[in-house]
1. Among the listed residues E70, E64, identify the single one that is among the acidic types (D, E) and touching a Lys or Arg at 6+ places or on another chain (Cβ under 7 Å).
2. So V77 ticks every box in (1) buried (at least 18 other Cβ atoms within 10 Å of the Cβ); (2) outside any strand (DSSP E or B) but one. Which box is left unticked?
3. With respect to A33, is the statement that it is touching a residue at least 12 places away in the same chain (Cβ under 8 Å) and either under 14 Å from the mean Cα position of the chain (by Cα) or closer than 18 Å to L119 by Cβ (or both) true?
4. Within region 1-27, which residues are in a loop (DSSP other than H, G, I, E, B), at pLDDT 95 or above and of a type in the set (K, R)?
5. Of all the residues that make up region 80-90, how many are touching a residue at least 24 places away in the same chain (Cβ under 8 Å) and either of a type in the set (V, I, T) or assigned to a helix (DSSP H, G or I) (or both)?
6. Would you point out the residue of region 39-69, among those that are among the β-branched types (V, I, T) and touching a residue at least 24 places away in the same chain (Cβ under 8 Å), that is surrounded by the fewest Cβ atoms within 10 Å (Cβ to Cβ)?
7. Restricting attention to region 36-49, does a residue exist that is over 19 Å from N2 (Cα atoms), part of a helix (DSSP H, G or I) and at pLDDT 95 or above?
Amino acid sequence: MNTQQKLIQTAQKLVGKFPLKIADNTAGGVAAALITAKGNIYSGICLNTNCSIGFCAETAAVAEMLKNHETLIDYIVAIHYRHNQIITPCGRCRELLFQINPENINTRIITSETETLPLRELLPCIWMEHT
């Protein structure tokens, strides 16, 4: 099993929208998995609330990574609960990946079972300078 397949499988095991105790609040509708340059895998699920204080699955995975003092991401994937569909990170998450480490501009975003795109293609107009 290659790296992409391993990450897709990790996210697929986590995804599964479930209701929380307040109406319309859910968790797990999207799951994400990433692998760092050091080869460590981190994952997360989204949290959707009525007053927009939730977070994306990619953000949760990044937080897990940061707890271990890593910032450089090799690959990342997000899976939506409907049909276990691979989706690309939203604009906010794309920006987050870049801002935690500008070298993540080369992070490979898994866009299908067999294809990836570098973050630079999904975030083409970087608004801040970096060196």
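1. When all the criteria are applied, what remains is E70.
2. If we test V77 against (1) buried (at least 18 other Cβ atoms within 10 Å of the Cβ); (2) outside any strand (DSSP E or B), just (2) comes out false.
3. yes
4. Passing the criteria: none in range.
5. So the count comes out to 4.
6. Ranking the qualifying residues of region 39-69, first place goes to T49.
7. no
The values are calculated or read from the model by the stated rules, or taken from the named source; none is laboratory data. Please read these numbers as outputs of a predicted model, since none were measured by experiment. Because the Cβ atoms are built from the backbone with ideal geometry, glycine has one as well, and the counts that use them run over all protein chains shown.
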